[in-house]
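Can you read through this structure? Questions will come right after.
The values are calculated or read from the model by the stated rules, or taken from the named source; none is laboratory data. It should be emphasised that the depicted structure is a prediction, and the values quoted were computed from it without experimental measurement. Because the Cβ atoms are built from the backbone with ideal geometry, glycine has one as well, and the counts that use them run over all protein chains shown. The protein model used for the area step is the full one, side chains on, heavy atoms only, and it has no ligands, DNA or RNA in it. Shrake-Rupley method; radii C 1.70, N 1.55, O 1.52, S 1.80 Å.
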Amino acid sequence: MLLNDLLQEYILECKIRNYTTNTIRNNETHSNAFLRYLKNEFDVVEIEQVKKQHIQQYILNEKEKGNKARTINTKIKIYRLIFKYAVEEKYISYNVFDSINLLKQEKAKFSIFSDDEIKRMLKVHDERNLKNIRNKLIISLFVDCGIRLSELRNLKIENVQDESIKILGKGRKWRVVPISLKTRKLMLKYERMREALLQKRKMECDYYFFTYEVKHIQDNSTTQKMIYDTAKQANVRSIVRASPHSLRHYYAIKSLELGTPIHVLSRNLGHSSIKTTEIYLQQITSEQIEREAIQKTKSPLSFL
């Protein structure tokens, strides 16, 4: 079976399984690049021709190009799923990617916003008009809830409650994330202005945030630029990557510092495994851990 035919069929299966548009696009983009590599380097065009040494050489090539282990592992996982599908459909008898181990990844370390930088960013946007209060609210939601940018774009008005928001996350899994009173107060102000605009234009929109044309926000670029520009105006350190995901990092690490149990944080972040959430523990200093242990540890002996 031709690899191109397999990929075309697998992408169709992804659509049937209701994968997100981003997931399907990433699967297709990475897989097409892999198939081009196999054809150009080894003249391999059929699934039965793919051998372990071909994959190993591909991994070495990716490393020579400067790609990090995390990036290469993401691609390997995609290709493994495609070949798993081929086994399930009985196009091949075994998955050659089962013999390929993932690369050892470096422990994630990143610089995060300080408390003062977050305060300054929130002060950049006043509450005088819809655009400004929307920008301030978006930053507040990232800081208060740790949601992903794609989740914010797809948030609908019907999913907003007084104490929480209902989020459709990765794998199309729903979760409920609590919101603070400060954020809810800001949301009420935004919702009044939002409703006034819709009434003025005699339009409707299910999505909580929308474009100037009152349409669903299809890409991340506008919000990403807003975060970057806000951080620049707030004189955020250049070492901090000014992005929505960095605000998510801030939420996660700050939540741990304030005593949120890691299993609760993992659920709020929408992680499929608590191991993913544990990377944030690396950012907590030993002094912070010791101080929290002294303050919060309960002795079994004291309760006898």
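Can you find, within segment 154-171, the residue that is modelled with the highest pLDDT among those that are within 14 Å of the chain's Cα centre (by Cα) and either surrounded by fewer than 17 Cβ atoms within 10 Å (Cβ to Cβ) or small (Gly, Ala, Ser) (or both)?
Just the residues of segment 154-171 that are within 14 Å of the chain's Cα centre (by Cα), to begin with: 154, 167-171.
Checking the rest, the ones that are also either surrounded by fewer than 17 Cβ atoms within 10 Å (Cβ to Cβ) or small (Gly, Ala, Ser) (or both) come to 169-171.
Working: GLY169: 89, LYS170: 84, GLY171: 79.
Filtering first and then ranking leaves GLY169.
Here's the yes/no breakdown for (1) within 27 Å of THR277 (Cβ to Cβ); (2) exposed (fewer than 15 other Cβ atoms within 10 Å of the Cβ):
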residue	(1), (2)
VAL143	yes, no
TYR208	yes, no
THR211	no, yes
ILE239	yes, yes
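If I go through segment 74-89 residue by residue, how many of them are farther than 16 Å from LEU6 by Cβ and crowded, with 17+ Cβ neighbours inside 10 Å?
Of the residues in that region, 2 qualify.
So which residues in segment 219-245 are part of a loop (DSSP other than H, G, I, E, B) and touching a residue at least 24 places away in the same chain (Cβ under 8 Å), if there are any at all? Talk me through it step by step, then tell me what you get.
Restricting attention to segment 219-245, the residues satisfying the condition of being part of a loop (DSSP other than H, G, I, E, B) are 219-220, 234-243.
Within segment 219-245, ASN220, ALA234, ASN235, VAL236, ARG237, ILE239, VAL240, ARG241 meet the criteria.
Among the residues of segment 123-180, what is the count of those that are in a strand (DSSP E or B) and basic (Lys, Arg)?
Total satisfying the criteria: 3.
Right, another one. Give me the residue from segment 213-237 that is among the hydrophobic types (A, V, I, L, M, F, W, C) and at pLDDT 95 or above and, out of that set, surrounded by the most Cβ atoms within 10 Å (Cβ to Cβ). Outline the logic, then answer.
Initially, segment 213-237 is screened for residues among the hydrophobic types (A, V, I, L, M, F, W, C), giving 214, 217, 226-227, 231, 234, 236.
With the extra rule that they be at pLDDT 95 or above, the set shrinks to 226-227, 231, 234, 236.
On the way: MET226: 18, ILE227: 23, ALA231: 25, ALA234: 18, VAL236: 22.
Looking at the filtered set, the residue picked out is ALA231.
Another question, then. Filter segment 10-66 down to the residues that are farther than 24 Å from TYR91 by Cα and not in a helix (DSSP H, G or I), then identify the one that is most open to solvent (accessible area, probe 1.4 Å).
LYS65
Working only within segment 72-95, note down all residues that are outside any helix (DSSP H, G or I) and among the acidic types (Asp, Glu).
Passing the criteria: only GLU89.
Here are some conditions: (1) free of Cβ contacts under 8 Å to residues at least 40 places away in the same chain; (2) part of a helix (DSSP H, G or I); (3) open to solvent by 60 Å² or more (accessible area, probe 1.4 Å); (4) not small (Gly, Ala, Ser). LEU102 meets all but one. Which one does it not meet?
(2)
Select from segment 105-122 the residues that are modelled with pLDDT under 95 and open to solvent by 80 Å² or more (accessible area, probe 1.4 Å) and write down the one among them that is nearest to LYS232 (Cα to Cα).
By that ranking, first place goes to LYS109.
While we're looking at this one, here's another question. Looking only at segment 256-279, which residues are among the aliphatic types (A, V, I, L, M), closer than 18 Å to SER180 by Cβ and in contact with a Phe, Trp or Tyr (Cβ under 9 Å, 6 or more places away or on another chain)?
Filtering segment 256-279 down to residues among the aliphatic types (A, V, I, L, M) leaves 256, 258, 262, 264-265, 269, 274, 279.
After this cut, where a residue has to be closer than 18 Å to SER180 by Cβ as well, the list is 256, 258, 264-265, 269.
LEU256, LEU265, LEU269, listed by residue number.
Need the failing condition index for LEU188 against (1) surrounded by 14 or more Cβ atoms within 10 Å (Cβ to Cβ); (2) assigned to a helix (DSSP H, G or I), just the number.
All conditions are met except number (1).
Working carefully through the options ARG175, ARG184, find the one that is in contact with an Asp or Glu (Cβ under 7 Å, 6 or more places away or on another chain) and of a type in the set (Lys, Arg). Reasoning before the result, please.
Numbers: ARG175 fails: in contact with an Asp or Glu (Cβ under 7 Å, 6 or more places away or on another chain).
After ruling out the rest, the residue left standing is ARG184.
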